[in-house]
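See below for the structure under consideration.
The values are calculated or read from the model by the stated rules, or taken from the named source; none is laboratory data. This structure is a prediction, so every number in the text was calculated from the model and none was measured. When we count neighbours, we look across all protein chains shown, and the Cβ atoms used for this are built from the backbone with ideal geometry, even at glycine.
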Amino acid sequence: MEAAVSLSTPIRVLIADDHRLFAEALEVILGGDERITVVAHAGDGREAVKLAGKLEPDVVLMDISMPVMDGIEAARAIRAARADACILMLTGSNSRADVDRARKAGAAGYVTKDRIAAELIDAIVEIATGESATLSS
């Protein structure tokens, strides 16, 4: 499978989460890895769609539950505008229904917020390089 992103340049990440402190903590976690650069934060789904269209990030970290437009709808809109967009869903839930909804919206991966520190960077690199196109719970 051809890589979506060359690792000779950092993976450009958009964080979409309505909890500002959580988004800032994510940026700190990601900032510790030279393979990743956070390009922007979105506080709701509509803003995520707008920023994803403008900035064309390699990966969008998308919270499922957000105001204005939830992450599922935002993921669907981003993928409709750009079929090659890589979206990694973030959520506090690990329900099978949420995983199924995320898959149907075109998400490339799914990470629960309690597993962020252990799995997030690996998940970003995997989907950005085209190594993983399936969701796990």
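For this structure, a couple of remarks:
- Considering residues of the stretch 1-27 that are modelled with pLDDT of 85 or more and of a type in the set (Gly, Ala, Ser) only, the residue surrounded by the fewest Cβ atoms within 10 Å (Cβ to Cβ): Ala25
- Residues being within 16 Å of Val111 (Cα to Cα) and not small (Gly, Ala, Ser) are entirely absent from the stretch 34-57.
- Matching entry among Leu26, Leu30, Leu61 (being closer than 21 Å to Arg103 by Cα and aliphatic (A, V, I, L, M)): Leu61
- Residue list for the stretch 19-34, restricted to those being touching a residue at least 40 places away in the same chain (Cβ under 8 Å) and hydrophobic (A, V, I, L, M, F, W, C): Phe22, Leu26, Ile29, Leu30
- Screening Ala40, Ala102, Ala133, Ala118 for residues that are at pLDDT below 90 and either outside any helix (DSSP H, G or I) or closer than 21 Å to Thr9 by Cβ (or both) leaves exactly one candidate, Ala133.
- Total residues in the stretch 52-64, condition over 13 Å from the mean Cα position of the chain (by Cα) and crowded, with 16+ Cβ neighbours inside 10 Å: 0
- Ala83 vs. criteria part of a loop (DSSP other than H, G, I, E, B), of a type in the set (A, V, I, L, M) and out of contact with any Gly (no Cβ under 7 Å at 6 or more places or on another chain): yes
- Hits in the stretch 4-27 - residues which are in contact with a strand residue (DSSP E or B) (Cβ under 7 Å, 6 or more places away or on another chain) and not in a strand (DSSP E or B): Ala4, Val5, Pro10, Asp17, Asp18, Ala23, Leu26, Glu27
- Residue match in the stretch 28-35 (condition: closer than 18 Å to Gly130 by Cα, touching a strand residue (DSSP E or B) at 6+ places or on another chain (Cβ under 9 Å) and modelled with pLDDT under 95): yes
- Verdict on Val60 being touching a helix residue (DSSP H, G or I) at 6+ places or on another chain (Cβ under 6 Å), within 17 Å of Gly130 (Cβ to Cβ) and in contact (Cβ under 8 Å) with a residue 24 or more places away in the chain: yes
- So Leu26, is it of a type outside the set (Lys, Arg) and under 16 Å from Val125 (Cα atoms): yes
- Within the stretch 52-72, the set of residues being among the charged types (D, E, K, R) and either in contact with a strand residue (DSSP E or B) (Cβ under 6 Å, 6 or more places away or on another chain) or assigned to a helix (DSSP H, G or I) (or both) comprises Lys54, Asp58, Asp63.
- Breaking point among (1) under 17 Å from Phe22 (Cβ atoms); (2) touching a residue at least 60 places away in the same chain (Cβ under 8 Å), for Asp84: (1)
- Breaking point among (1) modelled with pLDDT of 90 or more; (2) within 16 Å of Ala123 (Cβ to Cβ); (3) in a strand (DSSP E or B), for Ala75: (3)
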